[in-house]
Amino acid sequence: MTDNRLSLFCLVHGEATSNAFPVEIESTKTIGDLKELIKTKKTNDFQGRLLLF
């Protein structure tokens, strides 16, 4: 069985690279799923100012 999870480091535009944070997601998921995962993971940090393209 192969591992189909991806580990991505996300960074908010304009933030220092030291503020990058890891997110793990299955390789079969969509960009929409990734956006929701980021939003869920960083809800407290982004309250009212998160815009995902």
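Just so you know, all these numbers are worked out from the coordinates, no wet-lab data involved. Please read these numbers as outputs of a predicted model, since none were measured by experiment. Neighbour counts run over all protein chains shown; Cβ positions are idealised from the backbone, glycine included.
Full extension of the chain between T40 and L8 yields a length gain of 10.0 nm, computed as 0.36 nm times the residue separation minus the alpha carbon distance. Under the simplified labelling scheme, the E15-T28 pair shows an inter-label distance of 3.0 nm, with each label point 7 Å from Cα along Cα→Cβ. When you count the other C-beta atoms within 10 angstrom of each residue and take the mean per peptide, 9-15, 19-25 line up highest first as 19-25, 9-15. Would you mind counting up the charge near R5? Only other residues with Cβ under 9 Å from its Cβ, with Lys and Arg at +1 and Asp and Glu at -1. Its environment carries a net charge of -3. Other residues within the sphere of radius under 11 Å centred on the Cβ of I25, judged by their own Cβ, net out at 0 (K and R +1, D and E -1).
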